[in-house]
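Below: the structure, in structure tokens.
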Number of protein chains: 2
Amino acid sequence: MTTIGAHEDRLFAALANTTRREVLRLLRDDGPQPVQALADHFDMRRPSLSEHLKVLREAGLVSEERAGRQRIYRLEAAPLADVQDWLHPYERFWRDRLKGLGDLLDRMPDDDET
Amino acid sequence: MTTIGAHEDRLFAALANTTRREVLRLLRDDGPQPVQALADHFDMRRPSLSEHLKVLREAGLVSEERAGRQRIYRLEAAPLADVQDWLHPYERFWRDRLKGLGDLLDRMPDDDET
DNA sequence: AGAATAGGTAGGAGATTCCCTACGAGTCAA
DNA sequence: TTGACTCGTAGGGAATCTCCTACCTATTCT
């Protein structure tokens, strides 16, 4: 049913936008806050930000809590642990090969271990 | 003009696709290989995979080396270190279990994973 | 009740994504 | 040189993204 990787697709796609990453940073640094307080930081109409919040919600990265006529958004960092888990098997590839920027490493005879 | 976060946008966007993440996994697990060897794993025409490889190249996640009429693609994991760096300030938000205050945030205190 | 406030939704425009088929540029083998 | 092989690019179409303006509901305050 759920196509393979659909959850990770949504997660990475949610992060692939500067505005949305900035929202996450604001929630992380300034704590839970209503929509308007978030919107004040962006050169963008509020409905557009609402849609970004929807994307973040559907990725599980934020939650909303109703407080009167406001909706308080809160960072939900759990999905980011999934990102780190995904990252983990690649870690040795940038730890082992702390190579210089040269293209000469490909020509090193002892570098190739296919 | 908005160079702000453009690099990270491209990086996360490159990862926001199951096919492209699978390409990275193949390069990680099976080592550098030509395009056709990669394409064999997907239900997709080769030119489409070529475009995925272009996205990965522009995100710096793979490099190509010409070998005769083949092009050998290789995993370049360095940008993934940037992802981990981006992730780092959020880490305490899923390691700490919050600081009380919530109402429904974590009603089960013994839900700890090992 | 009526007005003001907070914020989601509808629908559209323009750009981008992701797949396809055709075709072009190099490279190897006969 | 001719032909086969590898791979990228051009261009198109359907879907999706990201912004907008209008509009709607829900809540709070006179």
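Between residue A:57 and residue B:37, the distance separating the two model label sites (each 7 Å from Cα on the Cα→Cβ line) works out to 4.7 nm. Shown is the FRET efficiency for residue B:22 and residue A:28, computed with R0 = 30 Å from the Cβ-Cβ distance and rounded to the nearest 0.05: 0.45.
Sorted shortest first, the separations between the residue A:50 label point and its copies elsewhere in the assembly read 4.5 nm; each point sits 7 Å from Cα along the Cα-to-Cβ line. Reported to the nearest whole Å, the Cα centre-to-centre distance from the range B:24-48 to the range A:1-58 is 32.
Each copy carries a label point for residue B:22 at 7 Å from Cα toward Cβ; from one copy, the others' points are 3.6 nm away, ordered from shortest.
Computed from protein heavy atoms with a 1.4 Å probe, the total accessible area buried between A and B is close to 3200 Å². In order along the range A:19-36, the Karplus-derived 3J(HN,Hα) couplings, from 6.51 cos²θ - 1.76 cosθ + 1.60 at θ = phi - 60°, round to 4, 5, 5, 5, 4, 4, 5, 5, 5, 6, 7, 10, x, x, 7, x, 4, 4 Hz, and Gly and Pro are given as x. The other copies place their residue B:89 label points at 3.1 nm from this one, listed shortest first, where each point is 7 Å from Cα along Cα→Cβ.
The values are calculated or read from the model by the stated rules, or taken from the named source; none is laboratory data. None of the values given here were measured: they were computed from a predicted structure. Backbone-built Cβ (ideal geometry, glycine too); neighbour counts: all protein chains shown. Just the protein is used for accessible areas: all its heavy atoms, side chains included, with ligands, DNA and RNA removed. Shrake-Rupley method; radii C 1.70, N 1.55, O 1.52, S 1.80 Å.
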